[in-house]
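> For reference, the structure I am asking about is given below.
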Amino acid sequence: MEYLFDQWDQVKRKLASKHIFLFFDYDGTLTPIAKTPQQAVISEKVKELLKKLSQKPNLALAIISGRELKDIKNMVGLKDIIYAGNHGLEIEGPKIKFESQVSPGLKSVIRNIYENMVSSFSGVKGVLIEDKGLSVSVHYRLVDVKDMQEFLNIFSEITKSFTADNKIKINEGKMVYEIRPAVAWDKGKTVLWLLARQQFIVEDKVFPVYFGDDLADEDVFRVLKNSGLTIFVGQPRASKALYYVKSTTEVAKFMKQVLELE
């Protein structure tokens, strides 16, 4: 990966006179990672930048998060942009409404896992279990080191039969395990689906730009490898992204500079 702002003149040329489709992850991208999901509140400064971007001609804006759709909409609180929750299993925006066809059986499995985890982790301090409707997130950032093995044992015991039967898939994020139904859908497919829809709305070719900071964002970096800009947020590591920025502050810096493009 190259540092985005070291290559800004080249990047600026790529963005010039194009219809830009900006995609942002939320946690760790638009706002720093917090101890709990509720504490990851977007700043008024970044919210204002998003609002201005959403009003810019020849620019489309989407936020694609692992959070539940109603949660991410509530956290950002802006109209006229596209929101994708549960890694794209549910999407809403101007002229768009989509929910992936997760079977009642798989929904029941997710519900069963959630209820089992609430009960089983009641004695392990620091575990935070997030019910996101179509998925479950199990946060262990606040779990004491001495309790980690117990946490891992319980987690494995609850999920192993479902993973063996290919009913769920488990993705590891930053101090969180995300349990999703085993359907062929992810952030990468979500971005491609949204780009395909946008192609019918505008005459010019759409130029995608994606910012993300976690393993789930690698699916997008992979599918956009030969088109658009892919930017990892954080200290450089092995990634399919073409560029990186160092922090959420630099994501905001990029947003400001896009607003200044003619």
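> Is it true that some residue in region 114-124 is surrounded by 15 or more Cβ atoms within 10 Å (Cβ to Cβ), of a type outside the set (S, T, N, Q), touching a residue at least 60 places away in the same chain (Cβ under 8 Å) and farther than 30 Å from Arg197 by Cα?
no
> While we're on this one: Suppose we filter region 135-165 for residues that are over 16 Å from Lys107 (Cα atoms) and outside any helix (DSSP H, G or I); how many remain?
7
> Against the condition part of a helix (DSSP H, G or I), open to solvent by less than 30 Å² (accessible area, probe 1.4 Å) and either under 16 Å from Leu69 (Cα atoms) or in contact with a Leu (Cβ under 7 Å, 6 or more places away or on another chain) (or both), how does Ile91 come out, does it pass? Outline the logic, then answer.
Values: part of a helix (DSSP H, G or I): no; open to solvent by less than 30 Å² (accessible area, probe 1.4 Å): yes; either under 16 Å from Leu69 (Cα atoms) or in contact with a Leu (Cβ under 7 Å, 6 or more places away or on another chain) (or both): yes.
So Ile91 does not fit the description; no.
> If you go through region 43-76, how many residues are farther than 23 Å from Pro208 by Cα and surrounded by fewer than 19 Cβ atoms within 10 Å (Cβ to Cβ)? Steps first, answer last, please.
Just the residues of region 43-76 that are farther than 23 Å from Pro208 by Cα, to begin with: 43-45, 68, 70-71, 74-75.
Retained after the next criterion (residues that are surrounded by fewer than 19 Cβ atoms within 10 Å (Cβ to Cβ)): 43-45, 70, 74.
The total comes to 5.
> Could you grab the pairs with beta carbons closer than 8 Å, sequence gap of 6+ or different chains, first residue in region 135-152 and touching a residue at least 60 places away in the same chain (Cβ under 8 Å) and basic (Lys, Arg), second one surrounded by 13 or more Cβ atoms within 10 Å (Cβ to Cβ) and assigned to a strand (DSSP E or B)?
Arg141/Leu128; Arg141/Val176
> Restricted to region 133-189, and to residues that are hydroxyl-bearing (Ser, Thr, Tyr) and either more than 25 Å from the chain's Cα centre (by Cα) or closer than 26 Å to Glu99 by Cα (or both), which residue is surrounded by the fewest Cβ atoms within 10 Å (Cβ to Cβ)? If you could, list the steps in order and put the result at the bottom.
As a first pass, look at region 133-189 and keep what is hydroxyl-bearing (Ser, Thr, Tyr): 135, 137, 140, 156, 159, 161, 163, 177.
Keeping just the survivors that are either more than 25 Å from the chain's Cα centre (by Cα) or closer than 26 Å to Glu99 by Cα (or both) gives 135, 137, 159, 161, 163, 177.
Numbers: Ser135: 25, Ser137: 22, Thr159: 20, Ser161: 10, Thr163: 14, Tyr177: 17.
This residue is Ser161.
> Restricting attention to region 21-30, does a residue exist that is farther than 21 Å from Lys225 by Cα and hydrophobic (A, V, I, L, M, F, W, C)?
Yes, the conditions are met somewhere in region 21-30.
The values are calculated or read from the model by the stated rules, or taken from the named source; none is laboratory data. Predicted model, so just to flag it, every value in this text is computed and none were measured. No Cβ is skipped: glycine too gets one built from the backbone with ideal geometry, and neighbour counts run over all protein chains shown. SASA here: full protein model, heavy atoms, side chains in, ligands and nucleic acids out. Shrake-Rupley method; radii C 1.70, N 1.55, O 1.52, S 1.80 Å.
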